[in-house]
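To keep things clear, I will list the structure first and then write my remarks on it.
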Amino acid sequence: MPFDYLPVFVEKAAGKPVRKLVHPSQNAWHPLVPDLATAKVALLTSSALRTPDQSPFAPPDDTSYRPIPAEPDATDLFMDHRSPLGPTPRQDPEVVFPRAALISLVKRRLIASYASTHFSFIGGTRNHHGVEKELAPALARDLKDANVNLALLVPF
């Protein structure tokens with residue numbers, strides 16, 4: 001289901017305080033991109049998705065994350081993100097967490113494999129220190145432990 005994100009976001013954000021641009025304390029970009037044909041890919045979504053057995057996220061300053069099974073049929077998903085973007089992502093989580101699309105890339109041999117677990121966290125937080133010092137290092141460790149060499153961030 002296509003979803004025109006930016007016009008909705010601009011309309012819903014009108015009149016709200018402008019977000020402060022925060023510069024990280026260290027460079028976080030990784031200069032190397034693996035050959036996609038050999039890449040093991042994981043999804044990262046900032047939509048605060050979780051499985052029914054996981055504890056809810058606590059917006060807006062929660063810097064925790066939840067592992068989500070890679071297989072789209074593995075579980076139902078709940079969304080705790082308090083976004084003004086409407087019901088579309090709640091009705092079809094594939095919009096913000098494209099697990100089926102990733103599986104299709106493997107079947108078409110455009111990427112080698114996908115991780116058995118992907119990760120979800122809350123986007124739009126103003127807890128920048130917590131994101132940089134807690135969330136990002138923890139996600140990096142889990143991705144490294146899973147031998148993931150390419151993580152795709154699907155923002156919400």
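Can you find, within segment 78-99, the residue that is farthest from Ala39 (Cα to Cα) among those that are in a helix (DSSP H, G or I) and either open to solvent by less than 50 Å² (accessible area, probe 1.4 Å) or modelled with pLDDT of 95 or more (or both)? Among those residues, the one meeting the criterion is Thr88. Could you list all residues from segment 32-52 that are outside any strand (DSSP E or B), open to solvent by 20 Å² or more (accessible area, probe 1.4 Å) and not β-branched (Val, Ile, Thr)? Passing the criteria: Leu32, Pro34, Asp35, Leu36, Ala37, Pro52.
Being in contact (Cβ under 8 Å) with a residue 60 or more places away in the chain and in a strand (DSSP E or B) is the filter here; which residues of segment 53-68 pass it? Give the steps one after another, and end with the answer.
Step one: of segment 53-68, the residues in contact (Cβ under 8 Å) with a residue 60 or more places away in the chain are 57, 59-65, 67.
Within segment 53-68, Tyr65, Pro67 qualify.
Looking for something at pLDDT below 95 and at positive phi - is there at least one such residue anywhere in segment 56-77? Scanning segment 56-77, I find no residue that is at pLDDT below 95 and at positive phi, so the answer is no.
The values are calculated or read from the model by the stated rules, or taken from the named source; none is laboratory data. Values in this document were obtained by computation on a predicted structure and should not be read as measured data. When we count neighbours, we look across all protein chains shown, and the Cβ atoms used for this are built from the backbone with ideal geometry, even at glycine. Accessible surface is based on the protein model in full, side chains and every heavy atom, while ligands, DNA and RNA are left aside. Shrake-Rupley method; radii C 1.70, N 1.55, O 1.52, S 1.80 Å.
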